[in-house]
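Every number here is computed from the coordinates shown, using simple stated rules; none is lab data. Keep in mind the model is a prediction, meaning the values are calculated, not measured. Please note: Cβ atoms are built from the backbone with ideal geometry, for glycine as well, and neighbour counts cover all protein chains shown.
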Amino acid sequence: MSAAHGHHTEDTSSHSARGLEADPPGPTTAFAGAIGVFLIIATIIGLEGFYYFTSDREETNKSYQQSYNSRVALQSTQRADLEKYKLDKETKKVQIPISDAMKMVQSTLKSAPAGGGS
């Protein structure tokens, strides 16, 4: 292009003299790009694996915690049932606290004949 059209033209050999370098070779750029893509994919796969590993672990911990909490609640209810009086009107059975039942069995055993026989 000429100077009449307002475009500046200069010699390309002066670029290297001023410190501007030429583009890197194509194969080197492609290789660096391929390594970058590989590293990004490996990172994504690694993070996905880490996510699923921790997710499974968290799910396992939650299920153990839930089963532990439900077992504790059940045991608490059962202990409370062992310590109260209750009357079942259908079967006409009476429930007494376990401590009272143990005392009754102990007193019955003390009054039983020594040979345990007839």
Worksheet item: Which residues, taken from region 82-113, are of a type in the set (Asp, Glu) and in a helix (DSSP H, G or I)?
Response: Asp100
Worksheet, complete the sentence: Going through region 21-36 in order, the residues found to be surrounded by fewer than 10 Cβ atoms within 10 Å (Cβ to Cβ) and out of contact with any helix residue (DSSP H, G or I) (no Cβ under 9 Å at 6 or more places or on another chain) are Pro25, Gly26, Pro27, Thr28
Practice prompt. Return the only residue of Arg79, Arg71, Arg57 being farther than 30 Å from Ile98 by Cβ and assigned to a helix (DSSP H, G or I).
Written response: Arg57
Response to the item:
Residues of region 67-86 being in contact (Cβ under 8 Å) with a residue 12 or more places away in the chain and in contact with a strand residue (DSSP E or B) (Cβ under 7 Å, 6 or more places away or on another chain), in sequence order, are Tyr85
